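Undergrad: Have a look at the structure that comes next, please.
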Amino acid sequence: MLKFIIDEDLHRSLGTHLQEQGYFVKDIRDYGLRGADDEKIFEFAQKEKVIILSGDKGFGNIIRFPLGRHAGIIIIRFPNEMSTLEINNQFIKRIKYLSENDIHGNVIIIEPGKIRIRRK
C-alpha cells in the first residue's frame, strides 16, 4: 500500500480523497512541521517511510534529494485557476497509473495530461 505525507502547499482535502481510495496519508501540519524547510520534511518522510506529495518544485532537486534514497517524491503541478476538487480528482486518476516500483526512489511530476518520472 502506498503511504503519503502531504506538504502544506497542498489542500488537506487531497488527504481525505486519498484515504477514501484506501491510501495511508499523513499531513505535515499534524506533526508540527508547518513552515519547516524542505530538508526537515524530507528527513521526517524518510523516518516514516512515506512518499512526499508537494507542489514545491524544490523537492525535484536531485542533488538535495538524491534519487534512490527515499520512498518517492511526487510533485503536483496544476494551474492555480483549477479548483481544489478538480486538482484532487486529476491526481487520484493519475496516481492509479503508477506502481510502487514507479514511485520508490524516484521523482514524479504530475501535470495536466501527463506524468513525468525521473528514475533512479
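Undergrad: Which of (1) modelled with pLDDT of 95 or more; (2) more than 14 Å from I108 (Cβ to Cβ) does A71 not meet, given it meets every other one?
TA: Failed condition: (2).
Undergrad: Could you tell me whether segment 26-36 includes any residue that is at pLDDT 95 or above and closer than 19 Å to I117 by Cα?
TA: Taking every residue of segment 26-36 in turn, none turns out to be at pLDDT 95 or above and closer than 19 Å to I117 by Cα.
Undergrad: Within segment 29-44, track down each residue that is part of a loop (DSSP other than H, G, I, E, B) and surrounded by 13 or more Cβ atoms within 10 Å (Cβ to Cβ). Lay out the reasoning, then the answer.
TA: At the first step, the residues of segment 29-44 found to be part of a loop (DSSP other than H, G, I, E, B) are 32-37.
Residues satisfying the conditions are L33, A36.
Undergrad: Return the total of residues in segment 12-32 being in contact (Cβ under 8 Å) with a residue 12 or more places away in the chain and more than 12 Å from the chain's Cα centre (by Cα). Outline the logic, then answer.
TA: Looking only at segment 12-32, we keep the residues that are in contact (Cβ under 8 Å) with a residue 12 or more places away in the chain, and these are 12-15, 17-18, 21-29, 31.
If we keep only those that are more than 12 Å from the chain's Cα centre (by Cα) too, we end up with 12-13, 17, 21-24, 29, 31.
Residues that pass the stated criteria total 9.
Undergrad: Just to be sure, is I74 in a loop (DSSP other than H, G, I, E, B) and either surrounded by fewer than 17 Cβ atoms within 10 Å (Cβ to Cβ) or of a type in the set (A, V, I, L, M, F, W, C) (or both)?
TA: Details: in a loop (DSSP other than H, G, I, E, B): no; either surrounded by fewer than 17 Cβ atoms within 10 Å (Cβ to Cβ) or of a type in the set (A, V, I, L, M, F, W, C) (or both): yes.
So I74 does not fit the description; no.
Undergrad: So which residues in segment 90-103 are touching a residue at least 40 places away in the same chain (Cβ under 8 Å) and surrounded by 14 or more Cβ atoms within 10 Å (Cβ to Cβ), if there are any at all?
TA: Within segment 90-103, F91, I92, I95, I103 meet the criteria.
Undergrad: Among the residues in segment 3-17, are any at positive phi and modelled with pLDDT of 95 or more?
TA: Here is the first cut: in segment 3-17, the residues at positive phi are none.
No; the residues of segment 3-17 include none that is at positive phi and modelled with pLDDT of 95 or more.
Undergrad: Output the number of residues of segment 55-71 satisfying the condition of being under 20 Å from H11 (Cβ atoms) and part of a loop (DSSP other than H, G, I, E, B).
TA: Adding up the residues that qualify gives 2.
Undergrad: Please find, among K26, K47, the residue that is under 18 Å from M1 (Cα atoms), in a helix (DSSP H, G or I) and not hydrophobic (A, V, I, L, M, F, W, C).
TA: Numbers: K26 fails: in a helix (DSSP H, G or I).
Result of the check over K26, K47: K47.
Undergrad: Given the residues E8, E81, E86, which is the only one that is over 18 Å from I103 (Cα atoms), outside any strand (DSSP E or B) and in contact with a Phe, Trp or Tyr (Cβ under 9 Å, 6 or more places away or on another chain)? Steps first, please.
TA: On the way: E8 fails: in contact with a Phe, Trp or Tyr (Cβ under 9 Å, 6 or more places away or on another chain); E81 fails: in contact with a Phe, Trp or Tyr (Cβ under 9 Å, 6 or more places away or on another chain).
Exactly one residue qualifies, and that residue is E86.
The values are calculated or read from the model by the stated rules, or taken from the named source; none is laboratory data. It should be emphasised that the depicted structure is a prediction, and the values quoted were computed from it without experimental measurement. Cβ coordinates were reconstructed from backbone atoms using ideal geometry, including for glycine residues, and neighbour counts include every protein chain displayed.
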